[in-house]
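Structure record follows, encoded as structure tokens.
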Amino acid sequence: MRWEALFADLEAQLEAEAAREKTTEIQEAVRVERARETLMHRLAPQLNAHVEVRLLGGERLAGELTALGMDWFMLRHGATEELIPLGALGSWLQRTPGQRADARATRAGLGQALRALVRDRALVNVGGLDGRLLASGTLDQAGQDFLEIAVHARDEYRRRSAVHGHVLVPMASVAWVRRGG
């Protein structure tokens, strides 16, 4: 009888040790998975959520997260949309839950998103990382590392006779591109 109790006790100890090892393996796998998560993966389920962001220059923006790209996101509040490079983001506060748990960021990069605005002949304001307005007018070109904005009166269409000049803005200094509003 004593041998049976001894073997049962040893068996229980081995099972407990195996369970502890399995738990440790699972915990390590979760830590590794979380370490591989990117900011964009973390933000994707927050699509359609109301968020507040603080940009590197200290400016605060708020709105509904309507789109995510490889290196940008878009906020909408009312009729205004703001395209924000991820590199301009200082912090992120989610105010309401997102509505798309299966959401994924698009593979489109910032340049592609900006070229869509060029194609639309969008009237934009461009804000800098320092919190100041850098340019206002029609987005004429989105180059590899710069934007070109045709400057004209806000109530006029972009016509050659209405353009007063062109502003070149390095992409590295862009905090947001605002359309509408």
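The values are calculated or read from the model by the stated rules, or taken from the named source; none is laboratory data. Predicted model only: the values in this text are computed from it and were never measured. In this analysis, Cβ positions are derived from the backbone assuming ideal geometry, glycine residues included, and neighbour counts consider all displayed protein chains.
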Unique match (being surrounded by 10 or more Cβ atoms within 10 Å (Cβ to Cβ), of a type outside the set (K, R) and free of Cβ contacts under 8 Å to residues at least 12 places away in the same chain) among L39, L6, L43: L6
Look at E148 and say whether it is of a type in the set (D, E), modelled with pLDDT of 95 or more and either more than 27 Å from L47 (Cα to Cα) or not in a helix (DSSP H, G or I) (or both). yes
Counting only residues that are of a type in the set (V, I, T) and assigned to a strand (DSSP E or B), which one in segment 158-181 is surrounded by the fewest Cβ atoms within 10 Å (Cβ to Cβ)? V167
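For T96, indicate whether it is of a type in the set (V, I, T) and in a helix (DSSP H, G or I).
Criteria not met by T96.
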Mind checking which residues of segment 67-79 are surrounded by 14 or more Cβ atoms within 10 Å (Cβ to Cβ) and not charged (D, E, K, R)? A67, L68, G69, M70, W72, F73, M74, L75, H77
Select, from T96, T106, T138, the only residue that is crowded, with 20+ Cβ neighbours inside 10 Å and hydroxyl-bearing (S, T, Y). T138
Quick one: is L55 out of contact with any Lys or Arg (no Cβ under 8 Å at 6 or more places or on another chain), surrounded by 10 or more Cβ atoms within 10 Å (Cβ to Cβ) and modelled with pLDDT of 95 or more? yes
